[in-house]
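Contents: one structure, followed by commentary.
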């Protein structure tokens, strides 16, 4: 089996299992990644619900974000790094996404990721004054949060 160099890899496309060409890929609902430039088949990577919300934040896809936010089952979902959509939006300095997440009735603003950092800590560390201010406006935000190493704001 001949392996195509990494430089020849395709980027991610949105696709359905039955997609036959790139034109159809743009209009489908499952994220699919062809592994090699000469690949005839696709490896299907499906992002659903919470994971799709995180992907939308990372790529600044407002329409996808709004759609997923309206249907997400667990707004406080944590990925393998312990990040929630809120901590991820704070990392990305995405004030618009932070505002929308804070409006969700089930949001927990004080969840810590695997490094023990909350969204407020991340925004403060990154110097994002607008996100910090928005997080501090939320009545449940704990401004006395501590990381695992007892670093406070």
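In plain terms, if you count all Cα to Cα distances in the stretch 73-153 and split them into 10 Å steps from zero, the share in each step is 21, 59, 20, 0 percent. Distance between the modelled labels on residue 73 and residue 99, one decimal in nanometres: 3.1 nm (7 Å Cα→Cβ projection).
Ordering of 128-136, 112-120 by packing is 112-120, 128-136, highest average first (other Cβ atoms within 10 Å, averaged per residue). Put a dot 7 Å past the Cα of residue 125, heading toward its Cβ, do the same for residue 81, and the two dots end up 1.0 nm apart.
Each value in this text was obtained by applying a stated rule to the coordinates, not by laboratory testing. Quantities reported herein were computed from a predicted structural model and do not represent experimental measurements. All Cβ positions, glycine included, derive from the backbone under ideal geometry; neighbour counts span all protein chains shown.
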